Amino acid sequence: MKVLNKIILVIVFISFIWIFIGSFIYGSSVYYQENSFISIGIGILIGVGLYSLYKFIIKKKILKKTEFIIFMLYILIVTILQYIVLKNLNVIPSWDYGVIFDNALKYVNEGTRHNAVYIEYFQYFPNNILIFCLMTLFIKIGTLFHVGALISIEFMNVSFIDFALVILYLTVRKMYSVNHAIFSNIITLLFIPLFLYSPVVYSDTLSLFVGISFIYLFTFIDKKTICKKNVFISILIGILMFIGKSIKITSLIVLIAIFIKYIFSHKIKNTIFIFMIIFMSFGSLNLVFNKLIVNNNKLAFQVNDYGQYPYTHWLMMGIEDIDADNTGRNSYGGYNEFDYNKTRNFSTGKEASAYNIKEYKNRLKKMGFGGYLNYLTKKVVNTWSDGYYFANVALNINPINETNLRNFLIKNDTRYIGIYFTKGIQYLFLMCLLLGCMVNFRSNNKEIDYIRLAILGLMIFLLFWETRSRYLVNFIPLFILIIVDFYKKIDFDKKIDKMKRSKNE
């Protein structure tokens, strides 16, 4: 077990040192060219400042009343930031977000989807059906209070984001202490994209609570006995598993990492019992959802015989065709309109899949081993070193109005202030991840570092899949956990005191 954990730490370190070094060679975005040395300087300065703040907070005795006041102040700051962003950086729903919104609005207003634009969309992409249901529900509730549809779903979005931040706080509090939880709030405020995505209602933010909730719920599992509490928590995990699968599949990577940890570190009988309850809960809810929603004739999700888009499509789109004119491309392995239309033009998903596999092999052959490795390096750097997580691009698509804040953050040359700052925070996370691997490698930890394992799993998945840096958004709570954990483990004052005691003895 101890050896396995060390192997995981080594793989994580090698993988992310590759990204870290590559970020000084390749740009983090094709939309701008930034100086990575400025960003890492900012990251180091913030890191040092955070350590001083950490030492100040960790020494304080915080009573429950004080904790409540501090947390309410934190929520107030979050709410103000979200309000500022929604007022100044709002956008007209477009791309997938727009299609789902238009369908939900039409269903609320007309009670049908039969005349909706892009009627086949949910058949092709059933992973967005639950988001459609959520939007429909919130728009319908909004009409009862004479609230506009866009405001209703944006309220839904910030509610999901805030819920994730509350779960993050509770998780850090339970894993470490109240002091560490308050420290995590400060780190959260540094991750600007958490607030910039307030007007963009899609799977990245709606799944934000899923991964961190898996971690939180598993902290309540009784590892020694089979009890009623374990049954209840396992049912909740099964429900959460269904939500993750239905909104954003990558959130389940966290659950897989936890499963691996449990298989290697807990009693087989207990583990099998917990897994069985989880999958029964998940399966039951999935069955009911398919029966009542997915196969509902009134909702008309099934339109023709094509079926859903084959998974091979996203693998093919995850690798560039170097012989094609890619002038219109906006990321390595990102959305490609030509690839999208090509897959859609086949009669069935099965025919499209055969083409996807053939085209994938052709693109690999064209690149060769060296070319493909170089391409993957650009792709992984493009995904993992963009501190904005694509928020600046998403907020520039169909803006509702031009404001001073939009011009400052997105339009004018001043946008580099945001670029350097957000990338500096991303560098801070990467440094904590890498240095944390080194610290943990030297420790006598016998349990799998499942949080780093989950982050590694996401990196590997997005390395080959169609990707954007925004696909990291729902993992931000885990990034914050990594930073908190690192500061906890490098308590220099305690180490110095220990050395002094050893000398005196």
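Size check on the chain: the Cα extents along the three principal axes, sorted descending, read 81, 54, 48 Å. Take the Cα radius of gyration of the range 174-223 and divide it by 2.2 N^0.38 Å, N being the number of residues; the result is 1.40. Average accessible surface for the chain: 46 Å² per residue, computed with a 1.4 Å probe over protein heavy atoms with every protein chain in place. All other residues whose Cβ lies under 15 angstrom from that of Val294 are scored, Lys and Arg at +1 and Asp and Glu at -1, for a net of +3.
Applying a DSSP loop filter and a limit of 10 other Cβ atoms within 10 Å to the chymotrypsin sites (Phe, Trp or Tyr not before Pro) in the range 162-260 leaves nothing.
Per-residue ellipticity at 222 nm from helix content only, as computed over the chain with -39500 (n - 2.57) for each DSSP H run of at least four residues, stands at -22500 deg cm²/dmol.
For the pair the range 1-51 and the range 54-72, the centres of their Cα atoms are 31 angstrom apart.
For a bin width of 10 Å, list the pair-distance distribution of the range 450-490 built from all Cα-Cα distances, rounded to whole %. Using 10 Å bins, I get a P(r) of 26, 50, 20, 3 for the range 450-490. Each part reduced to its alpha carbon centroid, the range 153-171 and the range 190-209 end up 9 Å apart.
Peptide packing: for 125-134, 59-68, the average count of neighbouring Cβ atoms within 10 Å per residue gives the ranking 125-134, 59-68, highest mean first. The fraction of all Cα pairs in the range 147-239 landing in successive 10 Å bins from 0 to the largest distance is 15, 38, 30, 14, 2, 0, given as whole percents.
Length gained on full extension, Lys267 to Ile460: 66.6 nm, using 0.36 nm per residue less the C-alpha separation. Each peptide in 6-16, 99-109 gets a packing score, the mean of other Cβ atoms within 10 Å over its residues, and the list from highest to lowest is 99-109, 6-16. If you wrap the tightest convex hull around every Cα atom of the range 240-399 and split its volume per residue, you get 195 Å³.
Close Lys pairs in the range 141-264 (alpha-carbon distance under 23 Å; sequence gap of 8 or more, or different chains): 11. Which trypsin sites (Lys or Arg not before Pro) in the range 237-341 sit in a loop by DSSP (not H, G, I, E or B) and have at most 12 other Cβ atoms within 10 Å of their own Cβ? Qualifying residues, ordered by number: Lys298. Rg and Dmax of the range 397-459, both derived from C-alpha coordinates alone, stand at 18.7, 56 Å. Between Gln33 and Ala300, the FRET efficiency estimated from the beta carbon spacing at R0 = 56 angstrom works out to 0.75. Straight-line cross-link reach from Lys350 at under 19 Å between alpha-carbon atoms covers these aspartates and glutamates, not counting any fewer than eight positions away in the same chain: Glu120, Asp305, Asp339, Glu359. With a Förster radius of 41 Å applied to the beta-carbon distance between Asp323 and Ile11, the computed FRET efficiency rounds to 0.75.
Between Ser347 and Ile151, the C-beta separation translates, for a Förster distance of 45 Å, into a calculated FRET efficiency of about 0.60. Taking the protein heavy atoms of the range 126-206 in the context of the full set of protein chains, the accessible area attributed to carbon and sulfur is 76 percent at 1.4 Å. Gyration tensor analysis over the Cα atoms of the range 379-493 returns equivalent ellipsoid semi-axes of 32, 17, 10 Å (largest first, whole Å).
The values are calculated or read from the model by the stated rules, or taken from the named source; none is laboratory data. Because the structure is predicted, anything quoted here is derived from the model rather than measured. Ideal geometry is used to build each Cβ from the backbone, glycine not excepted, and the neighbour counts take in all protein chains shown. For the accessible areas, the whole protein counts, side chains as well, though only heavy atoms, and no ligand, DNA or RNA atoms are used. Shrake-Rupley method; radii C 1.70, N 1.55, O 1.52, S 1.80 Å.
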